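Reading through the structure tokens given below for one structure.
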Amino acid sequence: MPDASPPNFETLQYAVEDGIATLTLNRPDRLNAFTPQMMHELIAAFDATDADDAVRAVIVTGAGRAFCAGADLAAGGSTFDFEKRYGATPANTAHRDGGGRVSLRIFRSLKPVISAVNGAAVGVGVTMQLPMDIRLASTEAKFGFVFARRGITPEAASSWFLSRVVGISTALEWCYTGRVFSAQEALERGLVRSLHAPEDLLPAARALAREIADNAAPVSVAISRQLIWRMAGASHPMEAHKLDSRAIQSRGRSADVKEGVDAFLEKRQAAFPERVSHDMPDFFDWTGEPPFA
């Protein structure tokens, strides 16, 4: 049975069942092409998953033949002319890239995020996946960082994420050439974790989400996610050591630790009592981000 009444979205399907939220990009007639409305709805969806303690993991996938075929190009050559489409801005004010707003919201997620790439994932359709934690793909999926072939540049904070996921050389090759490449190449170069027959993709993603939801303390997962992502950009391991030390000190006196150790010794399933909504330690701003200028 579903765990709660889902938010009402037009470009997404949102469902929570047995602790797993599934977000399905839902513009199949446009290959789930990205729009400003989809941007706002994705941000709202991750606000909802963070706020719902019934959600232990999030899966993102696409309806129909594609995951997301990139930005909707219905506006033609003015698609990326933000001043023309949205109005002039002061010369010293940068327009906030919509894909980047989504990526940064996913980056701040307190729940683990798994992408199940069912088809084409091009442009923002692939860059929005970079801050997701684990990517599984259909054998029929294709990927492309096609920006240079459209006369634009990588977006969605992918200049930060992509090289951390696949290394600088691969990141540059894919962005320089702008070519669309196979799921097999994505696997070989570390962009995705595993390939699956189309009919097996969502079951595999759900099995992975189920392993997290059934066995791990939600607060520990949330802290671990943020520690590992944020420390990817730290200037020295001492920064990680300081934050790790605060985290394990905080968790060491928690009710979750008592339950986790007792369950292990008693050879039973743990029932962790603490919840992300109100038991995150307060020594760090887990949900904040630097100001944009």
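Laboratory data are not the source of any read-out in this text; all were calculated from the coordinates shown. All values derive from a computational prediction rather than experimental measurement. Cβ atoms come from the backbone with ideal geometry, glycine included; neighbour counts cover every protein chain shown.
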> Is there any pair linking a residue in segment 179-196 that is touching a residue at least 60 places away in the same chain (Cβ under 8 Å) to one that is polar (S, T, N, Q), with Cβ under 8 Å and at least six apart or on different chains, and which?
Replying inline: ALA183/SER138; ALA183/THR139; HIS196/SER138; HIS196/THR139
> Do we find that HIS236 is within 30 Å of SER158 (Cα to Cα), over 19 Å from the mean Cα position of the chain (by Cα) and either surrounded by 14 or more Cβ atoms within 10 Å (Cβ to Cβ) or of a type outside the set (S, T, N, Q) (or both) in this structure?
Replying inline: yes
> Checking ALA222 against (1) under 28 Å from GLY19 (Cα atoms); (2) out of contact with any helix residue (DSSP H, G or I) (no Cβ under 7 Å at 6 or more places or on another chain), which test does it fail?
Replying inline: (2)
> Does segment 151-168 hold any residues that are in contact (Cβ under 8 Å) with a residue 40 or more places away in the chain and either aromatic (Phe, Trp, Tyr) or in a helix (DSSP H, G or I) (or both), and which are they?
Replying inline: SER158, TRP160, PHE161, ARG164
> Which of the residues that make up segment 260-287 are touching a residue at least 12 places away in the same chain (Cβ under 8 Å) and small (Gly, Ala, Ser)?
Replying inline: GLY260, ALA270, ALA271, SER277
